[in-house]
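Quick notes on the structure that follows.
The values are calculated or read from the model by the stated rules, or taken from the named source; none is laboratory data. A quick note: this is a predicted structure, and the numbers were derived from the prediction, not measured. A quick note on method: Cβ atoms are made from the backbone with ideal geometry, for glycine too, and the neighbour counts reach across all protein chains shown. Side chains included, ligands, DNA and RNA excluded: accessible areas come from the protein's heavy atoms. Shrake-Rupley method; radii C 1.70, N 1.55, O 1.52, S 1.80 Å.
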Number of protein chains: 2
Amino acid sequence: MKLPSDLEIASQAPLVPIADIARAAGIPEEHLEPYGRFVAKVNVKARGDLARQPRGKYVVVTAVTPTPLGEGKTATSVGLAQGIAKIGKRSMLALRQPSMGPTFGIKGGAAGAGYAQVIPMESLNLHLTGDFHAVTAAHNLLAAMVDNHIYQGNALNLDPQTVAWRRVMDVNDRALRNVIVGLGEAADGVPRQTGFDITAASEVMVILMLATGLKDLRGRLGRIVVGYTRSGEAVTAEQLRAAGAMAVILKDAINPNLMQTLEHTPALIHAGPFGNIATGNSSVLACQLGIHAAEYLITEAGFGADMGFERFVNVKCRVSGMQPDAAVLVVTVRALKMNSGRHRVVPGRPLPPAMLEENPADVLAGADNLRAHIAIVRSVGVSPVVAINAFPGDHDSEHEVIRQIAREAGARVAVYRGVAGGGEGARELAQAVVEAADEPQDFRYTYDLALPLKAKIEAVATKIYGADGVDYTPEASRALKNFEALGYGEFPVVIAKTHLSISSNPKLRGAPKGWRLPVREVRLAAGAGYVYAICGDMRTMPGLPSHPAAENIDLDEDGNVTGLF
Amino acid sequence: MKLPSDLEIASQAPLVPIADIARAAGIPEEHLEPYGRFVAKVNVKARGDLARQPRGKYVVVTAVTPTPLGEGKTATSVGLAQGIAKIGKRSMLALRQPSMGPTFGIKGGAAGAGYAQVIPMESLNLHLTGDFHAVTAAHNLLAAMVDNHIYQGNALNLDPQTVAWRRVMDVNDRALRNVIVGLGEAADGVPRQTGFDITAASEVMVILMLATGLKDLRGRLGRIVVGYTRSGEAVTAEQLRAAGAMAVILKDAINPNLMQTLEHTPALIHAGPFGNIATGNSSVLACQLGIHAAEYLITEAGFGADMGFERFVNVKCRVSGMQPDAAVLVVTVRALKMNSGRHRVVPGRPLPPAMLEENPADVLAGADNLRAHIAIVRSVGVSPVVAINAFPGDHDSEHEVIRQIAREAGARVAVYRGVAGGGEGARELAQAVVEAADEPQDFRYTYDLALPLKAKIEAVATKIYGADGVDYTPEASRALKNFEALGYGEFPVVIAKTHLSISSNPKLRGAPKGWRLPVREVRLAAGAGYVYAICGDMRTMPGLPSHPAAENIDLDEDGNVTGLF
């Protein structure tokens, strides 16, 4: 039987007024700001009232190394929240907001899939309440003030060659990756080479994601370093007097957005930082609000456990002060087959037919990847629950192999059938998660913040990725030393590497051994509060394919959206 | 007595729930989409229900040639709407949404002034419901698809040299006026010189302003011409298959935004096209909705009667099918003093002290300007009501001179004191407007659409501006001939000229005679549906001053906005 399309399912689903969803979650109506009938912002001030409700269990959803097509981690998170409701417990979701740009490019939506979706899916995949637009506007106001400062006489003696603050736009536009601005006449500014990133890659997005309140947001914005003086001192947004106006632009964006799943469980959608150079997690505030609004708060961390989950632990949890009670590790038959190294998956193209044949041996050949991710979750003292996200073409024998691998590793395991079955299809997973979350956890960070920056990078490389060590370019070593001298040594680190391998080489499958992490360059995100190490080519502005998804998107005679997915 | 600041007045004003405002205007709740508690979108579908209510009178507010500081036209519109309510009639406002970029530059807000404001003023001057962001996103998606088309092989044979579609951003950023995009490696696109305009200058903004419904919006987007093939054929957004996705991005933006004045009369805020190269009027849809939601619909046209009012008549009214019942002509003592040619006013600086002294002779010396604007309004068969917007430093003798000039010209005249007095201060004006609107009007356009493009430009130049004729560069003549050959000959025309003189020379005061309009260049806005003639230097991307307003804007300890005005 063929499922209806995601858009068909989503657009035919009945919606419950968002005020009812909020009431059921114990969110006081006075803190609710409606945006249409089915979306509302929850004012951060609700935190005080919500704290009087008991604290729920905190469940993070991560995955094995994904194929370029993704393994349905969002759909599993959504279905799990629905499944927890099915077994009689109150659940809350906390997810990132999808980026609008890629909706019109190659990617398609990010609202879940099938009968495990957040709705209204059009709102989710388009503007929602405008938070991304606010990030874009705040980011670009600072950029304009940087160039204006140079043009108006450069009183701070900012060295234009060191300006690292680019501009952003929520669109897939390769032509904006590298640009020269300030051309024309003298009154048109000072020429300078720079570029645009997609909004999800903005440091302002990470600041929105990590802020614990308006005051913290304002402080972080002020600490953004846009470049350096000719004598090497950092120049901040505070010194440019831009941070106050940026905070004003973001004053509504800081409030998480409340939506609902297809089965009317509540979902907080907030912030959408990139998974490669940024944190790849939804906001701290959504989790701080959500943890007191349900018995189980389900949140998703981007990409595999080596990526978003590691940052969830070492960046997000440090800021939020929260600790997970269980981690769901999403695995698919196709991901393990790809990790066998026997198949090649190309983004934008269907899977090779050989991958769809019944072949438990291929699955087993990719088992090292699953084992490594289970070990990553265990390394921070959290109980893993392996969730086999069942696809229509899967075979029982293949699922059985995964169950076997998980059991041998001592992990709970469940087959998740929420895409086809909604919450009903997630009962087995929900039950396993509830059991795991009842166990005592021994949560710990991967490294101590007091360590030198290099030691922190090495801790992630060896303990999480299984590398033998780290190699730095001379520039990277110099920059790390400089960041420590400037007082940024106690920041956590984010490793910007491929998500298609646990290693930094996207071609290495399984659980690569005998390799070293090459750090080409390091950068400072002083407002977000971390140092990030670039290992490989990191695209921060996608391009459009030869036939963008936009070409098929339109309104029908009645004004309904068609072709969105 | 000194008035409290606009922000103090606005932030201390009690707000009525927007649902109550809508109910009082007869807007059915089912067509209301709340955005927070005090702003709502009115779905265009409400037009059907509203049409069952009687049609109100339609009043357009225009002005004499303004000083660079503006003459309080928005404040007069707001106060007039409040004043009409004071004399016992139901009023509705239809205004443009202010651009956010200039809020952080030099301009300050555009919500009215003193006791004649639209609130919440922070919403109005920041994101409101995101319509400007949607215009930005739709515009830039098309830009990305243009560059992507060239990069992916250029199947339509678009000549990159002819691409007129720039990018837009709602920020004051001179460094973006002229840029080169597509630098970097081969995968980073094709290098090309282009630039950014502020969002208010986008053709998409004009399309939003002129659209009579979703289907019309979709059609107009498809007709946008982005450039030409090497053989001279127009290449459209429809051919690039971008228009459907653009319409999807704009599907909520098409619904006008309902707000309230300080005295809780309703205000529809919708679209904000530039006054120089674009139409400078609020949306057709807001007027079509508003005219059945009140006894008097007050709308504002940008700049002087030669600018926004002429386009109101010849572009907006043609599309909306509506005709004004009266025109309010705002005049100030300082505007006529400036028009005497005896004083020099510089933007961003206070008025010269000599202009503040009692001097009815200077006012009289500027009278020709007022007479010319009265004649412009009469030329299209509408009754003018001269509104003297009283400023604190004015003298009665000066007001008396203006009354005299107006009476001699046979126009109604009233002193407007709404900034200091709210609706109470607008009673005299409201009464005059009600009387004028009761007269039979003899509305007519300035030109017939069937005339050649040059004849239409000449009609505006001679009948509205009082020019002796028009001079075209050879390029402009060639382009006009080409537009006619391509089938765009029946479009109305927009003359992009300075607003600081009725002529095209910003230095000429009063009612200049003996001059000819120099048309340097003509451009096509095929989606908006007009041809525009560039006469002089038109800035479409403002810059920031040496001390941007952003430097003083911040959040206080309680998260309230400070320094916005």
- Task: Once the label point is placed 7 Å from Cα along Cβ, list for B:Arg23 the distances to the corresponding points in the other copies, in nm, shortest first.
- Result: 1.8
- Message: Two decimals, Cα atoms only, Kirkwood Rh: what is Rg/Rh over the range A:44-202?
- Response: 1.11
- Task: Compare the Cα positions of B:Asn505, B:Ala450, B:Leu7 along the charge dipole of chain B (+1 at Cβ of Lys, Arg; -1 at Cβ of Asp, Glu; about the Cα centre) and return the one farthest towards the positive end.
- Result: B:Ala450
- Over the range B:131-249, what is the percentage of antiparallel beta bridges among all DSSP beta bridges, to the nearest 5? 70 percent
- Task: Give the span of the range B:131-249's Cα atoms along each principal axis, as three whole-Å numbers ordered largest to smallest.
- Result: 42, 34, 23
- When DSSP assigns beta bridges and you keep just the ones with both residues in chain A, what percent turn out antiparallel, to the nearest 5? 40 percent
- The set of residues whose placed amide H lies less than 5 Å from the amide H of A:Leu93, leaving out same-chain residues fewer than 5 positions away, is A:Ala267, A:Leu268, A:Ile298
- Message: Taking a point 7 Å out from Cα toward Cβ as the label site, list the nm distances between B:Gly321 and the same residue in every other copy, smallest first.
- Response: 6.3
- Message: Could you compute how much accessible surface B:Glu295 exposes when probed at 1.4 Å, giving the result in Å² to the nearest 10?
- Response: 80 Å²
- Query: Summing Lys, Arg as +1 and Asp, Glu as -1, what charge do residues with Cβ under 12 Å from the Cβ of B:Ala476 carry, B:Ala476 excluded?
  - Reply: +2
- Take every DSSP beta bridge whose two residues both sit in the protein assembly as shown, then give the antiparallel share in percent to the nearest 5. 45 percent
- Note on the structure: Karplus-derived 3J(HN,Hα) from phi for the range B:45-57 (6.51 cos²θ - 1.76 cosθ + 1.60, θ = phi - 60°), whole Hz, x at Gly and Pro, runs 5, 5, 4, x, 5, 5, 4, 6, 7, x, 7, x, 7
- Spacing of the two label points (7 Å from each Cα toward its C-beta) at B:Ser379 and B:Gln323, in nm: 2.0 nm
- Task: Measure nothing fancy, just the Cα-based angle from helix B:474-485's long axis to the longest principal axis of chain B, in degrees from 0 to 90, nearest 10.
- Result: 80 degrees
- In the range A:265-366, with Lys and Arg counted as +1 and Asp and Glu as -1 at Cβ, which of these residues, A:Ile291, A:Ala354, A:Ala326, has the Cα nearest the positive end of the dipole, that is, farthest along it? A:Ala354
- DSSP loop (so not H, G, I, E, B), at most 16 other Cβ within 10 Å: list which trypsin sites (Lys or Arg not before Pro) in the range B:12-85 pass both filters. B:Arg37, B:Lys45, B:Arg52, B:Arg55
- Query: Dipole of the range B:131-249 (Lys/Arg Cβ +1, Asp/Glu Cβ -1, origin at the Cα centre): which of B:Ala175, B:Ala201, B:Thr236 lies farthest to the positive side?
  - Reply: B:Thr236
- Query: So how far, in whole Å, is the C-alpha centre of the range B:504-565 from the one of the range B:324-373?
  - Reply: 20 Å
- Sum up the charges of everything whose Cβ sits under 12 Å from the Cβ of B:Asp173, counting Lys and Arg as +1 and Asp and Glu as -1, but leave B:Asp173 out. 0
- Cα extents of the range B:477-561 along the principal axes, largest first, in whole Å, come to 62, 35, 19
- Placed amide H near A:Leu329: partners under 5 Å, 5+ positions off or other chain: A:Thr62, A:Val385, A:Val386, A:Ala387
- To the nearest 10 degrees, how steep is helix A:214-223 against the longest Cα principal axis of chain A, on a 0 to 90 scale? 50 degrees
- Any idea what the dipole of the protein assembly as shown comes to, in debye rounded to 20, about its Cα centre with Lys/Arg Cβ at +1 and Asp/Glu Cβ at -1? 1080 debye
- P(r) of the range B:359-500 over all Cα-Cα pairs, 10 Å bins starting at 0, rounded to whole percent, reads 10, 29, 27, 19, 12, 2
- Query: Angle between the Cα long axis of helix B:367-379 and the longest principal axis of chain B, 0 to 90 degrees, nearest 10?
  - Reply: 70 degrees
- Let me know the charge dipole size of the range A:131-249 about its Cα centre in debye, to the nearest 20, where only the beta-carbon of Lys, Arg (+1) and Asp, Glu (-1) is charged. 200 debye
- Item | Cut-off under 5 Å, modelled amide H: who pairs with B:Trp515 long-range | B:Asp468
- Item | For the protein assembly as shown, projected area of the alpha-carbon convex hull averaged over all directions, nm² | 42.0 nm²
- Query: Could you name the aspartates and glutamates in cross-link range of A:Lys41, using Cα to Cα under 12 Å and dropping any fewer than eight places away on the same chain?
  - Reply: A:Glu29, A:Glu30, A:Glu33, A:Asp131, A:Asp252
- Using θ = phi - 60° and the Karplus relation 6.51 cos²θ - 1.76 cosθ + 1.60, list the HN-Hα couplings for the range A:508-522 in order, rounded to whole Hz, with x at every Gly or Pro. 7, 9, x, 10, x, 10, x, 9, 10, 7, x, 9, 7, 7, 10
- Note on the structure: Checking the range A:383-451 for trypsin sites (Lys or Arg not before Pro) in a loop per DSSP with at most 13 other beta-carbon atoms within 10 Å yields A:Arg444
- Would you calculate a helix-derived [θ] at 222 nm for chain A, using -39,500 (n - 2.57) for each DSSP H run of n ≥ 4 and dividing by the full residue count, to the nearest 500? -8500 deg cm²/dmol
- Using a label position 7 Å from Cα in the Cα→Cβ direction, what is the ascending list of nm distances from A:Gln161 to the same site in the other copies? 3.7
- Estimated vicinal HN-Hα couplings, Hz - the range A:397-406 in sequence order (Karplus 6.51, -1.76, 1.60; Gly, Pro = x): 4, 6, 4, 4, 4, 5, 4, 4, 4, 5
- Test item: Cα-centred dipole of the range B:453-534, Lys/Arg +1 and Asp/Glu -1 on Cβ, debye: 300 debye
- Message: Can you tally the net charge around B:Ile405? Count Lys and Arg as +1, Asp and Glu as -1, for every other residue whose Cβ sits under 12 Å from the Cβ of B:Ile405.
- Response: -1
